[in-house]
Structures are given as C-alpha cells and as structure tokens.
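This report concerns only the one structure given below.
What follows draws every value from the coordinates through simple rules; no lab data is involved. Since the model is a prediction, treat every value here as computed from it, not as a measurement. No Cβ is skipped: glycine too gets one built from the backbone with ideal geometry, and neighbour counts run over all protein chains shown.
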Amino acid sequence: MHLSCKLGERMITYTVPLCMVYTVNDQQRSKGRILRNGHKNQLRLYAMLIATLVILVHTSGIPHSMIRYWSCKQSRDCCDEKHNIVFLKVHKTGSSTVANVLQRYGLYKDLIFALPNKTTRQLRFNYFGGIGETLDSSGIKSSKRHAEDYNILYNHVIFNDSAFLSKFPKMDFMYVTMLRDPTTQFLSSLQYFLHENISKAACENISAYLTNPAVFEPTNPYLSFTDNRQALDLGLSPTKVRDLDAIISHIMMLDEIFDLVLITEYFDESLIILKRRMCWQLKDIIYLRKNMAYKSLNITINDKDEKNLKMWNLADHYFYQYFRDKFIGILTQERNLTEEVQNYRRILNDTRIFCTSRSRRSHLDIEQTIWNPSFTVTSLDCAYMRIGELKFHTKLLWQSNVQ
C-alpha cells in the first residue's frame, strides 16, 4: 500500500505494508495500524491516522529516528519469536557471556537444552564427547526427561556439519557462532589458560616464541588454545590449519550453514542483531561480562611478531577476516542500529550498576523506549547473570535428573 501526502510543495510518499504498526515516543502517541485482512473502512481509517502521523512528523521536527515501526512478516523487527538455536561455542571469544544469555533465556522460557551426557564428576563435563570429538547421539541428553526434541545447544563441541545437521536440522534451527580478532584471542588464551610451557616462553620473549611456536605446543592439537583454536572449534582439521585451499573450502561450507557469525569486537551490536534475528526482547539479551582474564600479561607485539602470528594462526585469520567483513556488511544494512545499540548500552550500564551495588533495592525498573517495552530487572536476574557458566550448567544437569 502506498500513502502519499502533500506538505506545501513537497509530496511525501510512504510504502506501508500490511500489519504495520507505527509507534512514536511517549510525547507523541499518534498511532496507525493496518490490520491484515481488514475491511475497506478500517483501511481508510488507519490510512487517515497514518497520514496524520506523517504530517505530525514533518511539521513538528520529530526526527525519523524517533519513529519505530514493525511489519509482521515483512520485517525482522516484528516476527514470531524463535526458540531453536545452535550456538557453536568458540574458546575465548566472549562465548561464555553469550552462553549465559542462552541459559537464562531457555530457563525463563522453560525450553529444552541439549546437554552433554555426563555427570558433574566427570572431567570436561561441559563438553560434548571426548577431546577433539564432535556430536554423537549417545553423548547428548535432554534437560527434561523423555524429551525427544531440543531447543538450545550452547556447550563446547567440535563442529561437524553432518553430525550437527542430522540432529539439529537447519530448517528448524538458527545456527550461530562467534569469532574474535586472532591476535587478541591468542593473547587472551595465554592469560586465561596459562599453559606452562607456552606462557613462559611467550612472556620471556614473545618474538623468539613466535619464530617457532610449534615446539611449545602439546602433542594433541585439541589440547592447544594457541594454535588456530577458533578454526579447530569450527571443525577444520588440525592438519589443514595452514592449507589455504582447505581453509577457504571450509569457510564456504560454514557460510552455507551458519545463519549468523557474531564478532567479539562488535559485541553489543552482535547481540542486538541476534535479538532481531530471533525476534527476542531486549531483556532477553542483557548481560554481565563472563570469564575475563583476571590478570594482564606484559606482552607487546611488534609488526614482525604480528606477521609471524598471522602465519602461525593462518586459518583463524582467514576465518575472522571473512566473517568480520560479512558482519560489517550486515551492520550497514540494519536500519537504526546505532540508536538501538546506544539505548542497549545505557540499559546495560544501569543493570550493571544495580546488580553490582550493595543497595537493598529488590528490582530495577527499565522504562519503555521505542526499542523496548518496560521491564524489570530483579535480584534473581542479577544472580543468574553473575553465576558462572559451569554452575549454571550444573543447575541444568540437576534439573534434567529430577524433571
């Protein structure tokens, strides 16, 4: 439907899809709704209301960024909420923070998690399978007894396309992962995992270490967090991490399967994009940071070191560059993203202050904006945001045994 209105010498034309709702800020509550399958009289009435809104916007000086509109079916901003998601967790990319978002979302919505079929007494009980292994039906348990279907997977596992797609069909699941700049991911791994030989050599002389890092690596490549770990998590063979043809081929395969590859350096933008794709609410993606390195290593990398590191982590660099460029392309196509991210960060800051303060307040009220309905952050929400990934995972495993 096209709506035109003449303002002075200017003719303004709007394309208005069915089922569209325009909402202005609290000071300007004019609305227009065109209902799917509405009668002609209803359409005329709502067209008049929208025309009034258009005139109001153009004559009152309200910027277009103050208008938020949803188009059910025609737009990603107003669509059916999605529950099914496979999140391929990549080490030291911010994935634990995203996992906490998914854990809380699934818990609040009473969804079914696909969990590793292990007990909390087992080593690596938050990993599917053994070291370097991918999904296997016998290695998966439901968070609810006797449930045959799943909604969410978020634990560590090596990706394998056939193993995943046979259990989590692409037509039913959103496939998501996250990548990080390989240099900062490498340094973060050094700080967090503190592999004795690697950390010692890197801290003593990073330049000498990077001339031949292979001599410090463990025999099993899947025990390494400093040799193309992002590519390994995403299923590239350890023997192919410096094989350019194999790297490019694997990237093309991942690009076909993964609906969204988030980027750590655009963390808040990533979660807003995830929210839009999944048709979630802003409260669903509030967070407190997880697994940040508790101390900083005094390591400075020069240009030659950077070059050597790129040659060493060749697959990680190619993976990151490809999907970073693609993600930036997504950002440029998303309307009003900057304004929504700014609002999101303001709410995140208010939430962080509330959750970390010693105040006896029981809740924080978040006001309605054009980007979110009003909602409340409770002390229980804070507790779930603060809880460590393994403790949350333990809670879900415990529930799977009692439900």
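Dipole size of segment 85-402 about its Cα centre, with +1 on Lys/Arg Cβ and -1 on Asp/Glu Cβ: approximately 1260 debye, rounded to the nearest 20.
In nm², what is the average projected area of the convex hull enclosing the Cα atoms of segment 249-330?
Working: hull surface 30.3 nm².
The directionally averaged projection comes out at 7.6 nm².
For the listed residue pairs K141/K167; K92/K391; K141/K395; K275/K391; K109/K144; K144/K395, the alpha carbons are over 23 angstrom apart in K275/K391.
In this label model, R289 and T378 are separated by 2.9 nm, measuring between points 7 Å along each Cα→Cβ vector. The tail of the calculated P(r) for segment 85-402, taken as Cα-Cα distances beyond 28 Å, holds 43 percent of the pairs. Counting only Cα atoms, segment 117-221 measures 54, 32, 20 Å along its principal axes, largest extent leading. A protection proxy built from the mean count of other Cβ atoms within 10 Å ranks the segments 344-353, 357-366, 314-323, most packed first, as 314-323, 344-353, 357-366. Eigenvalues of the alpha-carbon gyration tensor of segment 129-180, scaled by 5 and square-rooted, set the equivalent ellipsoid semi-axes at 18, 15, 11 angstrom, largest first.
Residues whose amide H comes within less than 5 Å of that of I140, counting only those at least five positions distant or on another chain, are N117 (H built at 1.01 Å from N in the peptide plane).
Of the residues Y150, N126, S162, the one whose Cα sits farthest towards the positive end of the charge dipole of segment 121-166 is N126 (charges of +1 on Lys and Arg Cβ, -1 on Asp and Glu Cβ, taken about the Cα centre). Against the empirical curve 2.2 N^0.38 Å, the C-alpha radius of gyration of segment 169-268 lands at a ratio of 1.22.
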